[in-house]
Amino acid sequence: MVRVKPFAAIRPPKNITTEVAAPPYDVLNSEEAKQMAGEKSLLHITKPEIDFDPILPDHDQRVYDKAVENFKTWQAKGWLVRDSKPCYYVYAQTMGERTQYGLVLCAHTDDYAQGIIKKHELTRKDKEDDRMIHVRIQNANIEPVFFSYKDNADLNEIVAKTVAGPSEFRFIDENNFGHELWVIDDDATIARITELFTNEVDAFYVADGHHRTAAAARVGAEKRQNNPNHTGEEEYNYFMAVCFPETQLKILDYNRVVKDLNGLSEAGFLKALENDFEVKEGDCHPSGLHNYTMYLGGKWYSLTAKAGRYDDSDPIGVLDVTILSNLVLDKILGIKDLRTDKRIDFVGGIRGLGELQRRVDSGEMKVAFALYPVSMRQLINIADSGKIMPPKTTWFEPKLRSGLAIHTLD
C-alpha cells in the first residue's frame, strides 16, 4: 500500500494566486516564459534564466543561484506563505465540460524505489539530473508530479464533501482551463485520508512527471545517505504529488509528424502501406483502436491495421503507437529510435489535428499520423505488468499549474 502524509504548503495568498501561478517549467521555452512572466510569477523561480538579458542557458550556475534567491525573495515579500499546519488539499481542474479532482499530498520516496509508485515511461538521466539539481538547491518540490490511483469510494466521498464547501480560489488560465483549490485542515479528516491511502490504495501511477518523480526519489536517497542521524521520519523522505482517481482522467492522443518519406514517392509510400494496412481516403479523425489517419499531399487517409499484424495478447504490442512504430516508422521510414531521430516530431492532441495539417502544408513536414488515444486502463495494466510504453504515448491535459502549493524538505 502507498504511504502518504499531509504537509504545510507554501502557497500564494488568495488575492495574488493568479499572479504567482504559472504553467509548468517544461511547457514554455525561455523566450515564451520571459514574455509571459509578470512581477510575481513563479516562472522567475522555475525558469530564472528569464531574469538575465540576454537570457542565459538554463544550466548556468548563475541561473541556479538566481532560482534560490528568487524563492527566498518571494517568501520575504509575502508572495509565498507557509500554512500554519500540515494539511491535505483538493485541486480541481476544469477543461470544457469535464472537471477532475485531485488530492494534493506527499508521497514516499521509498514507494518509488520499491515499485509501489509505478511508471509507464523510461526516463533520461540528463533530464533527471537537471530536475534533481533544482530540488536539491531549493530544498523543495517547487512543482508537483501528477499521479493517478484506482478509484476509492471513501476518498471520493471525502473529496465530494470538501468541494461542496467554499474554495480558497478559482481562476481561469490563458488556455481557458479552470483551476480551484480547497484546504483540508480538519484533523479527523486528515487522519482518515491517511488511513484510507495506507490501508486501501495499493499503488500510485505516474501520469505526468516521470523525471520529477525520479529526481525527487534520488534527492531523498541522497539526503538519507548524508544524514548519520536518519530516522525515516524526515520530510525529505516525501515529495509532493497531485493524485487523481483513475476514472476522472482522460488521456489525449499523441500524434506524429515526419520530415520525409525515406526516399519514396508519395505513390510508393502509399503502396508500401498497403502491405500491412487497409488504406483509403477518409476523415481526419481515427475511428477507434488500430485505425490511424494520415495527412499526406493535401489529403487525409484512413489506415486500418490488418489482422495478424500485431499481438493482442501483448499489452505493449497491441498499442497503436507500437504498431505504427513497427510497421510504418521503422519498417518503411527507417526511424529506429523515437527518442533521438531528428526526422520525427510529436504533437500533443490538445493542439488539434489542424496542427498536423499545418505542419505538413507549410513544407516543414512531409507526412502526419493521428492516433486513437490510449486509455487509463491500458496505462494501468501496462504499469502493473512492469512494462514500459514507447516514448510519447500519453498526453494529459490540463497540465498541473505550478505555484499553487510548494513542499519543502526540511
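Taking a ≥ b ≥ c as the square roots of the eigenvalues of the alpha carbon gyration tensor, the range 65-152 is oblate, as a/c is not under 1.5 and a/b does not beat b/c. For the range 170-307, what % of the accessible area comes from carbon and sulfur atoms, probe 1.4 Å? Answer for the range 170-307: carbon and sulfur cover 44 percent of the accessible area.
Which lysines have a Cα lying under 17 Å from the Cα of LYS259, excluding residues fewer than 8 positions away in the same chain? Answer for LYS259, where 17 Å is the Cα cut-off: LYS299, LYS331, LYS336, LYS342, LYS366, listed by chain and number. Extension gain, LYS299-GLU200: 0.36 nm per intervening residue step, less the Cα-Cα distance, totals 30.5 nm. Counting only Cβ charges, +1 for Lys and Arg and -1 for Asp and Glu, the dipole size of the range 86-205 around its Cα centre is about 320 debye.
In this simple spin-label approximation, ARG136 and GLU39 carry label points 7 Å from Cα along the Cα→Cβ vector, and these lie 3.5 nm apart. Using the average count of surrounding beta-carbon atoms within 10 Å as a protection proxy, the listed peptides 247-255, 72-80 rank, highest first, as 247-255, 72-80. By DSSP, the beta bridges lying fully in the chain are antiparallel in about 90 percent of cases. Protection proxy ranking, highest mean first, for peptides 91-100, 387-396: 387-396, 91-100, where packing is the per-residue count of other beta-carbon atoms within 10 Å, averaged.
Quick check: net charge around HIS210, other residues with Cβ under 15 Å of its Cβ, Lys/Arg +1 and Asp/Glu -1? Once all neighbours under 15 Å are counted, the net charge is +3. Counting only Cβ charges, +1 for Lys and Arg and -1 for Asp and Glu, the dipole size of the chain around its Cα centre is about 420 debye. Oblate is the label for the range 120-264, because the ratio a/c of its alpha-carbon gyration tensor axes (a ≥ b ≥ c) is 1.5 or higher and a/b is not greater than b/c. Compared with the alpha-carbon gap, the fully stretched path from MET1 to ASP83 is longer by 26.7 nm at 0.36 nm per residue. Seen through its C-alpha gyration tensor, with square-root eigenvalues sorted a ≥ b ≥ c, the range 229-294 comes out prolate because a/c lies at 1.5 or above while a/b is bigger than b/c. With the simple model of a label 7 Å out from the Cα in the direction of the Cβ, ASN227 to ARG98 spans 3.9 nm. Distance between the C-alpha centres of the range 27-104 and the range 379-393: 30 Å, rounded to the whole angstrom.
Under 12 Å from the Cβ of GLU266, count the other residues' Cβ atoms, weight Lys and Arg +1, Asp and Glu -1, and hand me the total. Combined, the nearby Lys, Arg, Asp and Glu give +2. From the alpha carbon centroid of the range 131-155 to that of the range 294-365 is 31 Å. In terms of the mean number of neighbouring beta-carbon atoms within 10 Å, the peptides 369-381, 229-241 order highest first as 369-381, 229-241. Note on MET365: accessible area approximately 10 square angstrom, rounded to 10, probe 1.4 Å, nucleic acids and ligands left out. In a fully extended conformation the segment linking LYS72 and GLU31 would gain 12.4 nm over its present Cα-Cα distance, using 0.36 nm per residue. Considering only SER362, TYR310, VAL321, the residue lying farthest towards the positive end of the dipole of the range 290-410 is SER362, judged by Cα position with unit charges set on Cβ. Applying 1/(1 + (r/R0)^6) with r as the Cβ-Cβ distance of ASN156 and SER265 and R0 = 45 angstrom yields a FRET efficiency of 0.20. Just name one of GLN138, PHE169, LEU103: the one whose Cα is farthest towards the positive end of the charge dipole of the range 101-184 (beta-carbon charges, Lys/Arg +1, Asp/Glu -1). So the residue furthest toward the plus end is GLN138. Reported to the nearest whole Å, the Cα centre-to-centre distance from the range 108-128 to the range 193-254 is 9. Counting lysine pairs in the range 1-125 whose alpha carbons fall under 18 angstrom apart, excluding pairs fewer than 8 residues apart on the same chain, gives 12.
The values are calculated or read from the model by the stated rules, or taken from the named source; none is laboratory data. Computed from a prediction, not measured in an experiment: that's the story for all the values here. Ideal geometry is used to build each Cβ from the backbone, glycine not excepted, and the neighbour counts take in all protein chains shown. Surface areas here come from the heavy atoms of the whole protein model, side chains and all, with no ligands, DNA or RNA. Shrake-Rupley method; radii C 1.70, N 1.55, O 1.52, S 1.80 Å.
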